[in-house]
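We did not get these values from a lab; they are worked out from the coordinates using the rules stated. Values in this document were obtained by computation on a predicted structure and should not be read as measured data.
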Amino acid sequence: MTQLSKGLHFCEYCMEEPVADPRFDITSSGDVTMEFSSGRIWVMPDMILHYVEDHKFLPEQEFVDDVMNGQLTGGERLQTKAAPRPIGYLEGPFPTGNVPEGFIERLEELMQLAEKLG
Ligand SMILES: [Zn+2]
């Protein structure tokens, strides 16, 4: 991943307006790629959990749907490999709102699983 060359990245929103008690790490050290049963592939910074939980970032609906209802797919069905869609690389203003109940927990689980799948 080319993103790795950037090294440790601090949350720029916390630099402007720090969260009193952030639940997730405010530094990012890499990206996570997730491939879902929907056929969509997403790539995101590991700090997306912090953005959603602590800054109320609202990701686009297709991503929310995949996280809530999708399954991570195995490696053997990737012959139609599309370029991953980036999500959560925030710059400047971003959409905010409420994600569905359980979204954060499920995303956290999926990210851990995706890292294991490599
Ligand atoms: Zn932050």
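For the chain, the fraction of C-alpha pairs more than 18 angstrom apart is 51%.
Coupling constants for the range 12-17 follow from the phi torsions by the Karplus curve (6.51 cos²θ - 1.76 cosθ + 1.60, θ = phi - 60°), and in residue order they are 6, 6, 6, 5, 7, 9 Hz; glycine and proline get x.
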